[in-house]
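*Asks:* Got a structure for you, questions after.
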Amino acid sequence: MTVSSAESRNGNYPGKGIGEPVGVAILGKGTVGTEVLRLLAEFSDNLEHRIGGPIEVRGVAVSNLDKHKDAPEVAGIYLTDNARELIDRDDVDVVVELIGGIDYPRELVLEALKNGKSVVTANKALVAAHADELSDAANAAGVDLYYEAAVAAAIPVVGMLRRSLAGDQVQRISGIVNGTTNFILDAMATSGMSYEDALAEATRLGYAEADPTADVEGHDAASKAAILASMGFHTRVTYDDVYCEGITKITAEDIAAAKQSNETIKLLAICERLLDDAGNTVGVNARVHPTLVANDHPLASVDKSYNAIFVEAEAAGRLMFYGNGAGGAPTASAVLGDLVGAARNKVHGGRAPAENPYANYEVVGFGEVHSRYHINMTVNDRVGVLADLSRMFAEAGISLSAVRQEESDDGAHLIVVTHSAQESKLSEIVDALTSHADVQAINSVIRLDA
Ligand code: HSE
């Protein structure tokens, strides 16, 4: 390939020229880093054609040299424990950050961007916390910042929002974006097992990490929700803006009750545009919580550890994206897709479409959002209790769509399903029910997807 760099210049972001190598620094060599290196070697000829020049790995930064020095993927590749020295090299054009955590990778990514390197990261926590600072640094330096792998790994949802739906108006995104919790909820639904047993099974099979907190408490999904909402609504939404409730309180009884009403419990990340009566956007919201999904909704049938993202856009209508949302190879696939994009721009010139938070909508708190509730409580089985509780809902202005009562030894199980009402009102009524003399226990409160 012998085309001069002058022929491949592109506006203010000139390219190196077709045939020129693209130097890459890889930070981190865990499961994903190892797969990225393996695939880079395996696909190198194809990647060169797609990019217009060869990828040359300048080095791999790891924290423990001894642990990695004999690994086959780094044979002949410079291995260092000095990530700064690697990213500062003049012959590095693109930095791939696969370290994890927030503070240390934030420093490295900012330094790389400021030094004119494009960055590819799979780090959802970093992007969800600091997308503004990172995007500003990328824009100032005229380089690319890519993070497809940060949300649902191989499922191309960030690129879809960034490019494919760039001309449309996204109304709502609801997704199963955490495979560990989907595996646990699906195991509970298919076998009737308890949450604790399903978590143990997920751990045994390697889906859940030794400390599963980030997954089961919804933190991982909340980072992804922040990224999806930011991309979908052109507004900066951070991790701290996302209401987050995990699956640790879901019981086998909740799962059985959902089955009875032809519903499935899923941990959903919901990103929503809130409209006034005239259809104008008044704000956006992002939240993560266990959600009852009707069995005929496409998200209900997403089983095992699969992820799926359901997008509603004004012109495109309803779209669904399904696949592997975690794992070394699927995540590496997304990283390599980004790397090809960043490398191609280094060769030919130009930049990828950057995050564009021009709309700057108000990020509305969870209390303002409207939801439907499914409240399961044990009440004293005496005359007038049902009427009394119904009156409480009526006085709060909350309409009921269904009430079901089941006898039990310790009282009556009452299942109340509400129509859509403001979250703050619904949580007030749950508080009032909790202190009502005839309510023995609120067994569960689960939202329904509208
Ligand atoms: N632990 C996540 C999951 C994958 O279970 O989906 C990484 O975000």
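*Asks:* Does the chain come out rounded, prolate or oblate by the C-alpha gyration tensor, with a ≥ b ≥ c the root eigenvalues, rounded set by a/c under 1.5 and, if not, prolate when a/b is larger than b/c and oblate if not? Kindly include the intermediate steps, with their values, before the conclusion.
*Replies:* On the way: a/c = 2.80, a/b = 1.97, b/c = 1.42.
Prolate.
*Asks:* Where the eigenvalues come from the Cα gyration tensor of the range 143-205, what are the semi-axes √(5λ) of the equivalent ellipsoid, largest first, in whole Å? Before the final figure, lay out the partial values.
*Replies:* Values: eigenvalues 224, 43, 9 Å².
Here the semi-axes work out to 33, 15, 7 Å.
*Asks:* Averaging over all projection directions, find the projected area of the Cα convex hull of the range 151-289 and quote it in nm² with one decimal place. List each step's numbers first, then the result.
*Replies:* Working: hull surface 38.8 nm².
That works out to 9.7 nm².
*Asks:* To continue, here is another question. Using unit Cβ charges (K, R positive; D, E negative) and no other charged atoms, how large, in debye to the nearest 20, is the dipole of the chain about its Cα centre? Before the final figure, lay out each step's value.
*Replies:* Working: 36 positive and 64 negative charges, 249 e Å.
Charge dipole, the chain, about its Cα centre: 1200 debye, nearest 20.
*Asks:* May I have the count of lysine pairs in the chain with C-alpha atoms under 18 Å apart, counting pairs 8 or more residues apart or located on different chains?
*Replies:* Lysine pair count for the chain: 13.
*Asks:* Give, in nm to one decimal, the length gained when the segment between LYS69 and VAL282 is fully stretched (0.36 nm per residue of separation minus the Cα-Cα distance). Present the calculation step by step, with values, prior to reporting the outcome.
*Replies:* Numbers: separation 213, 0.36 × 213 = 76.68 nm, distance 5.47 nm.
Answer, rounded to one decimal: 71.2 nm.
*Asks:* Can I ask one more? Among ALA294, ALA402, ALA332, which one shows the highest mean-square fluctuation when the chain is modelled as a Gaussian network with alpha-carbon springs under 10 Å?
*Replies:* ALA402
*Asks:* Further question: Label-point separation (nm) for ALA402 and ALA200, each offset 7 Å from Cα along Cα-to-Cβ?
*Replies:* That separation, rounded to one decimal, is 3.3 nm.
*Asks:* With a 1.4 Å probe and every protein chain kept in, tell me what percent of the accessible surface of the range 381-429 is carbon plus sulfur. Can you show the working numbers first?
*Replies:* Details: 1330 of 2660 Å².
Here it works out to 50 percent.
*Asks:* Among VAL127, SER164, ASN115, whose Cα sits farthest toward the positive end of the charge dipole of the range 106-173 (+1 at Cβ of Lys/Arg, -1 at Cβ of Asp/Glu, about the Cα centre)?
*Replies:* SER164
*Asks:* Given VAL335, GLY192, VAL385, which one lies farthest toward the positive end of the charge dipole of the chain, if we put +1 on the Cβ of every Lys and Arg and -1 on the Cβ of every Asp and Glu?
*Replies:* Positive-most Cα among the choices belongs to VAL335.
*Asks:* Where is the GNM fluctuation largest for the chain (alpha-carbon springs, 10 angstrom cutoff): LEU205, LEU336, LEU292?
*Replies:* In this elastic network of the chain, the residue with the biggest mean-square fluctuation among LEU205, LEU336, LEU292 is LEU205.
*Asks:* Is the shape of the range 171-213 best called rounded, prolate or oblate, per the rule: a/c under 1.5 gives rounded, else a/b larger than b/c gives prolate, else oblate, with a ≥ b ≥ c the square roots of the Cα gyration tensor eigenvalues?
*Replies:* Taking the square roots of the gyration eigenvalues as a ≥ b ≥ c, the range 171-213 is oblate.
*Asks:* Next question, about the same structure. Taking only complete DSSP H runs, can you tell me which helices of the chain stretch 24 Å or more along their own long axis by Cα positions and average at least -1.0 on the Kyte-Doolittle scale?
*Replies:* Details: long enough: 328-348 (29 Å, 0.30).
Span-like helices here: 328-348.
*Asks:* Quick one: what do you get for the range 295-450 if you divide its Cα Rg by 2.2 N^0.38 Å? Could you put the intermediate results ahead of the total?
*Replies:* Working: Rg = 23.5 Å, N = 156, 2.2 N^0.38 = 15.0 Å.
In units of the 2.2 N^0.38 Å rule of thumb, it is 1.57.
*Asks:* Follow-up question, since we're still on this one. Under 20 Å from a point 7 Å along the Cα-to-Cβ line of ALA354: which residues of the range 214-249 have their amide N that close?
*Replies:* Residues 227-238 qualify, since their backbone N sits under 20 Å from the label point.
*Asks:* Let me ask something else about it. Among HIS130, HIS419, HIS436, which one moves the most in a GNM of the chain with springs linking Cα atoms closer than 10 Å?
*Replies:* Largest GNM mean-square fluctuation: HIS436.
*Asks:* If you don't mind, there's one more thing I want to ask. Using alpha-carbon pairs under 8 Å, 6+ residues apart, how would you state the relative contact order of the range 89-155 in percent?
*Replies:* Values: 97 pairs, mean separation 22.5, N = 67.
So the answer I get is 34 percent.
*Asks:* Simple spin-label model, 7 Å along Cα-to-Cβ: GLU42 to PHE321 in nm?
*Replies:* Going by the 7 Å Cα→Cβ label model, 2.3 nm.
*Asks:* Hey, another quick one. Give me the net charge of VAL379's neighbourhood, meaning all other residues with Cβ under 13 Å from the Cβ of VAL379; Lys, Arg count +1, Asp, Glu -1.
*Replies:* Values: positive: ARG382, ARG404; negative: ASP381, ASP388, GLU406, GLU407, ASP410, ASP438.
Net of charged neighbours comes to -4.
*Asks:* Carbon and sulfur: what percent of the range 212-362's accessible surface (1.4 Å probe)? The partial results should precede the final answer.
*Replies:* On the way: 2720 of 5830 Å².
Percent of accessible area from carbon and sulfur atoms in the range 212-362: 47.
*Asks:* Would you mind getting the accessible area per residue of the chain, heavy atoms of the protein chains only, 1.4 Å probe, in Å²? Don't skip to the end; give the middle numbers.
*Replies:* Numbers: 19130 Å² over 450 residues.
Accessible area per residue, the chain: 43 Å².
*Asks:* Note the full-extension length gain between ASP409 and THR80 as 0.36 nm times their separation in residues minus their Cα-Cα distance, in nm to one decimal. Mind dumping the intermediate values first?
*Replies:* Numbers: separation 329, 0.36 × 329 = 118.44 nm, distance 6.62 nm.
Taking 0.36 nm per residue and subtracting the Cα distance, the gain is 111.8 nm.
*Asks:* Tell me, what is the percent relative contact order of the chain, built from C-alpha pairs under 8 Å that lie six or more residues apart?
*Replies:* Details: 1002 pairs, mean separation 79.3, N = 450.
In percent, rounded to a whole number, it is 18.
*Asks:* I would also like to ask the following. Counting alpha carbon pairs within less than 8 Å and at least 6 residues apart, what relative contact order, in whole percent, applies to the range 62-214? Before the final figure, lay out each step's value.
*Replies:* On the way: 151 pairs, mean separation 19.8, N = 153.
The value is 13 percent.
*Asks:* Where the centroid of each part is defined by its Cα atoms, how far is the range 73-137 from the range 373-450 in Å?
*Replies:* 51 Å
The values are calculated or read from the model by the stated rules, or taken from the named source; none is laboratory data. In this text the structure is predicted, and so the values were computed from the model without any measurement. Methodologically, a virtual Cβ is constructed for each residue, glycine included, from the backbone with ideal geometry; neighbour enumeration extends over all protein chains shown. For accessibility, only protein heavy atoms count, side chains too; no ligands or nucleic acids. Shrake-Rupley method; radii C 1.70, N 1.55, O 1.52, S 1.80 Å.
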